[in-house]
Amino acid sequence: MEAIAHIAASVPGLTGDEAKAAAAASSAGFAYGLAAIGPGIGIGYLVGKSVEAMARQPEAAGMVRTTMFLGIAFTEALALIGFVVFILIGL
């Protein structure tokens with residue numbers, strides 16, 4: 001993250017506080033990008049395995065679908081927590 005601070009400091013016309021704010025915003029955006037990777041992979045894996053389970057046992061599709069939506073909700077909560085951290089870092 002120090003590299004981002006050096007890049008922001010090298011922009012002409014920015015004062016110290018503006019460079020600090022630019023570095024904080026860039027770092028927060030990078031942190032949220034990393035925080036969104038895990039839930040994205042998790043939801044993709046979860047839905048893929050659920051579709052596979054429904055194809056193998058169509059009579060259990062209702063139960064699998066319900067469990068899938070619960071898993072998606074819990075996994076998406078991780079992305080929302082990452083977004084809250086993104087907002088808190090930016091302050």
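Structure notes:
- Residue pairs whose Cβ atoms lie under 7 Å apart, separated by 6 or more positions or on different chains, with the first residue in the range 62-78 and under 11 Å from PRO39 (Cβ atoms) and the second small (Gly, Ala, Ser), are THR75/GLY42; LEU78/GLY38.
- Residues of the range 79-91 satisfying the condition of being without any contact (Cβ under 8 Å) to a residue 12 or more places away in the chain and either over 19 Å from PRO39 (Cβ atoms) or outside any helix (DSSP H, G or I) (or both): LEU91
- Among the residues of the range 41-59, those identified as in contact (Cβ under 8 Å) with a residue 24 or more places away in the chain and in contact with a Ser or Thr (Cβ under 9 Å, 6 or more places away or on another chain) are GLY42, ILE43, LEU46.
- Count of residues meeting criterion [farther than 25 Å from PHE30 by Cβ and either touching a Lys or Arg at 6+ places or on another chain (Cβ under 7 Å) or surrounded by 15 or more Cβ atoms within 10 Å (Cβ to Cβ) (or both)] in the range 67-83: 3
Computed from the coordinates by the stated procedures, all read-outs in this text should not be read as laboratory data. Source: prediction; values computed, not measured. Ideal geometry is used to build each Cβ from the backbone, glycine not excepted, and the neighbour counts take in all protein chains shown.
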